[in-house]
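So the structure is just underneath, and the comments pick up after that.
Since every read-out is calculated from the coordinates, none of them should be taken as a lab result. Keep in mind that what you see is a predicted model, and the values were worked out from it rather than measured. Neighbour counts are summed over all protein chains in view; Cβ atoms, including those assigned to glycine, are modelled from backbone coordinates with ideal geometry.
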Amino acid sequence: MNKQVRFMQSIGLVPIRRRTGEYKDDLIASLLLYYQLSEETLKSETRRREVVEARRIFCYIMRRYDDHLTLRRIGEMIGISSHATVLHHIRVAESFLVYDKQFKNDVEQVTRIANAEVLNYDYNFHTSSNLSRPFVMD
């Protein structure tokens, strides 16, 4: 088990292992649902707080999900042109996870929504009973 998976398990986030392209689509769909954004807005150059936070979560989860992805490739998936911006998003997300409970909750919710879509759960993130569903690791 690699270091990133152990870290994600320690904070309660274990993504479902499957092909990166499939997970990317599910993760983007969960971000759009959670933040109520359009895909065009998410991939645009806007600096609105909720859009930047959604991009930050995407970069962090994708880097932890597949450590073979380059920073440039992660950026291309979400419309970020610079690998340095992706690296900055990842580092900020790591520090926010330690100090910001709301950000940690947002990351957990987005991950659960993405995993629920793959497992075909009828997911409603306002229902607390769905928050205890187990994650699957292949």
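Details
- With neighbours defined as other Cβ atoms within 10 Å of a residue's Cβ, the residues VAL86, VAL110 order from fewest to most as VAL110, VAL86.
- When Rg and Dmax are taken over the Cα atoms of the range 16-123, they come to 12.8, 37 Å.
- In a reduced charge model with +1 at each Lys and Arg Cβ and -1 at each Asp and Glu Cβ, the range 16-123 shows a dipole moment near 380 debye about its Cα centre.
- With K and R counted +1 and D and E -1, the other residues having a Cβ less than 11 Å from that of ALA84 yield a net charge of +2.
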